[in-house]
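Here is the structure we will look at.
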Ligand SMILES: Nc1ncnc2c1ncn2[C@@H]1O[C@H](COP(=O)(O)OP(=O)(O)OP(=O)(O)O)[C@@H](O)[C@H]1O
Ligand SMILES: [Mg+2]
């Protein structure tokens, strides 16, 4: 069980953002605690990505505030977000296909020797260390990531975020393109991240994977927050009803 008695890692308070006349996000408040996974659900265009982009620094909200560890945060760009230990793993993963895991992990932030040369062996040693914790079965340290499976690629992207001290992770449909075994592997990595106290916002269209991977589910519709529920207290049908009808089921309505 996640302890939600302390200060949230993230509080999105009353966030609104409009594009032209469209209210993409309309007065939404959601929080996230250390070691917690909060799933974001809703139809296409519900506002999930836009909401999360206010946290990752891709967009600046029109109104509302972001609090990190109880303090108001100023996040105007992705660099600001990184300073708050927020890392985003996009669906496209943004890996360099022709490079191996270590080169991807350190892409743009390479370890260099005192002489200024890229220190390949130090980078590989560090990569083996992180992977040993996250995905102990990972063996393909010397293959280009194009030769990895979808799940292995996902683990490289996660390793990169974690290595650079992510405390808050945003994942956009991490299991969408994966088979059952790979999905299981990502589920295990998420469990490991939770143990380390990392908080995760997970965008997912599949209510079953949200039930399995998340502690709470936040449902959005037409830019508004329908509700946030504890996944252990609801059925997948309850969550589906929130997505489709746009309101909390009777027995949950506060
Ligand atoms: N940069 C933008 N310019 C104009 N409109 C935008 C922009 N980004 C998002 N929107 C609009 O805001 C609304 C919310 O979009 P958003 O991408 O947040 O939805 P979503 O819930 O992530 O959907 P999906 O499940 O399809 O990814 C949509 O109506 C979309 O067309
Ligand atoms: Mg989206």
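Readers should treat all values here as calculations from the given coordinates under stated rules, not as data from a laboratory. Bear in mind that the values here come from a model prediction, so they are computed numbers and not experimental data. Cβ sites come from the backbone with ideal geometry, for glycine too, and all protein chains shown count toward neighbours.
List of remarks:
- Rounded to 10°, Cα long-axis angle of helix 236-245 versus longest principal axis of the chain: 60 degrees
- Peptides ranked, highest mean first, by Cβ atoms within 10 Å: ranges 94-106, 74-86, 133-145: 94-106, 74-86, 133-145
- Bridge orientation summary for the chain: considering DSSP beta bridges with both residues in this region, about 60 percent are antiparallel.
- Axis angle, to the nearest 10 degrees, between helix 120-134 and the longest C-alpha principal axis of the chain: 40 degrees.
- Here the chain has an Rg and Dmax of 18.7, 67 Å, counting Cα atoms alone.
- Computed from Cα atoms, the angle from the helix 150-163 axis to the main principal axis of the chain rounds to 90 degrees.
- D by Stokes-Einstein for the stretch 93-166, Kirkwood Rh over Cα pairs, 25 °C, 0.890 mPa s: 201 µm²/s.
- FRET efficiency estimate (nearest 0.05) - Cβ-Cβ, residue 195 to residue 71, R0 30 angstrom: 0.75
- Reported to the nearest whole Å, the Cα centre-to-centre distance from the stretch 52-105 to the stretch 11-26 is 18.
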